Amino acid sequence: MAIIIKIVQVILALSLLVLVHEFGHFFFARLFKIKVEKFYLFFDAGFALFKWKPKNSDTEYGIGWLPLGGYCKIAGMIDESMDKQQMKAEPKPWEFRSHPAWQRFFVLFGGVFFNVILAIIIYSGMMATWGEQYIKNADVTTGISTNSLGREIGFRNADKIVSFDGKPIEKFDELRIQLIQEQAKSAVVERQGSTVDIEINPVYMPDILESADLFDYGIPFVVAQVPDSSLNFAAGLRAGDEIYSITLPAADSTGKDSTLAVAGRGLMFSEVREFVSQHPGRSVVATVKRDSDTLGIQQIPLVISPEGYLGVVIEGDLSKFYNITSHKYSLLKAIPAGIKKAGEQISNYWKQLKLIFTPKTKAYKSVGSFIAIGQIFPDVWNWRAFWSITAFLSIMLAVLNILPIPALDGGHILFTLYEIVTGRKPNEKFLIAAQTVGMILLIALMILAFGNDIFRLLK
């Protein structure tokens, strides 16, 4: 059922994005009285699932069978249809090539423009409906939880990250994103009351890109519930108990006990999880702080399951540990907030895109296809998540299409701007050749994307 929900979300989101993008081209073409021959959702290679041509209309509307996008075929325009026969004929007044360069610019830019407008509308609607909630980096009083890669770089659990390359971070969830986007060379952290400088070797950047759990909330191990199916159901743990240390008795009388403890604080969930996973089937003694109990500190024997779990549900409500910053917006205030959000996302995605063209980061390995897009949607239907992802994909589509690559809108726009500046129109044979090269590049990119996805699935 989960896979069906993901597929439906992907098809619905991409269909909306493609329709809006192609309608941007269609809108400006019709505004300047340029003939639009076809307007299709999906590609109709060989045949169409549905097609309709209204009476007294020059445009055929339809739905193709190949769900890899869509297109708007504009008369007299060199596009993916590669209609060379039309280009050999004398230009007609209603054709794209017969109109002035400034009008052609708007027709070409229309798709990108409408995708940005769609993102602004979605973000504004989300702001008005749900508002905005996030946790400030400064409010994560427990500091970070980091993995083995983070420890190798120089970070430690409970570090409070202040800045990367001197730039402070407002939102905790953006720590790793900012590190990657800025390709930061250094970090400043607060550690046990002192300020520590960490040099970040650029050689780690490819691994950082792959490490989604580099920085997580340093959530304390606070018990929320012990299920009756747990081996430790009758051990004596109570809701609200916080584990401060775990002692693993020596295997025999000649050895020493092994204790996991950190001076000055309780243990983090990640620390306990890592420790117990390394000692499946063993018995341990947990030192538990119980504020509601007059005894305060309890020593509770526990058993680690053969799979390496304590069988305890921890408190995962972040609002129990951190202040949640929340903003509510009226409809009027939601619009500028939506514009700001879209602008931030454009800037962030542009920085991410530059990494792909920086070989040393190996960010090209993260390029994905529809499979990767499907994986970012949740397993259950969630309108807030759906619209958030759709808005970001709209930004992605806009930024990718504005790249000055032949076969993309940005390539055509570049040639049109050249014409506007110089007054000379590029030769049509050159434009056809450029379109062919661009199509080859796009096919190569698609092969890379699908190859990366298949490799990740097989890992």
Exercise for review: Keeping to region 345-354, report how many residues are exposed (fewer than 14 other Cβ atoms within 10 Å of the Cβ) and farther than 14 Å from Ala398 by Cβ.
Suggested key: 1
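To keep it simple, each residue is scored yes or no on (1) out of contact with any helix residue (DSSP H, G or I) (no Cβ under 6 Å at 6 or more places or on another chain); (2) part of a helix (DSSP H, G or I); (3) over 29 Å from Trp130 (Cβ atoms); (4) at pLDDT 80 or above.
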| position | (1), (2), (3), (4) |
| --- | --- |
| Gly374 | no, yes, no, no |
| Thr390 | no, yes, no, yes |
| Ile413 | no, yes, yes, yes |
| Thr416 | no, yes, yes, yes |
| Leu448 | yes, yes, yes, no |
Exercise for review: State all residues of region 253-286 that are surrounded by fewer than 18 Cβ atoms within 10 Å (Cβ to Cβ), modelled with pLDDT of 90 or more and part of a loop (DSSP other than H, G, I, E, B); if no residue qualifies, say none.
Suggested key: Gln278, His279, Pro280, Gly281, Arg282
Point to revise | Qualifying residue in region 38-58 (condition: more than 35 Å from the chain's Cα centre (by Cα), within 22 Å of Asp409 (Cα to Cα) and not in a helix (DSSP H, G or I)) | key: no
Check your understanding: Among Ile432, Ile395, which is assigned to a helix (DSSP H, G or I) and at pLDDT 90 or above?
Key -> Ile395
Point to revise | Breaking point among (1) within 30 Å of Ile376 (Cα to Cα); (2) assigned to a helix (DSSP H, G or I); (3) open to solvent by 30 Å² or more (accessible area, probe 1.4 Å); (4) of a type outside the set (D, E, K, R), for Phe27 | key: (1)
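In the set Ala234, Ala212, which member is more than 23 Å from Ser270 (Cβ to Cβ) and either open to solvent by less than 30 Å² (accessible area, probe 1.4 Å) or assigned to a loop (DSSP other than H, G, I, E, B) (or both)? Steps first, please.
Values: Ala212 fails: more than 23 Å from Ser270 (Cβ to Cβ).
Result: Ala234 is the single residue among Ala234, Ala212 that is more than 23 Å from Ser270 (Cβ to Cβ) and either open to solvent by less than 30 Å² (accessible area, probe 1.4 Å) or assigned to a loop (DSSP other than H, G, I, E, B) (or both).
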Practice item. May I ask you to verify whether Lys289 is within 30 Å of Glu132 (Cβ to Cβ), of a type in the set (Lys, Arg) and either out of contact with any Pro (no Cβ under 6 Å at 6 or more places or on another chain) or not in a loop (DSSP other than H, G, I, E, B) (or both)? Key: no
Check your understanding: Somewhere in region 358-365, is a residue open to solvent by less than 40 Å² (accessible area, probe 1.4 Å), more than 14 Å from the chain's Cα centre (by Cα), of a type outside the set (A, V, I, L, M, F, W, C) and modelled with pLDDT of 75 or more?
Key -> no
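The values are calculated or read from the model by the stated rules, or taken from the named source; none is laboratory data. Keep in mind it's a predicted model, so treat the numbers as computed, not measured. Cβ atoms come from the backbone with ideal geometry, glycine included; neighbour counts cover every protein chain shown. In case anyone asks, the SASA skips ligands and DNA or RNA and just uses the protein heavy atoms, side chains included. Shrake-Rupley method; radii C 1.70, N 1.55, O 1.52, S 1.80 Å.
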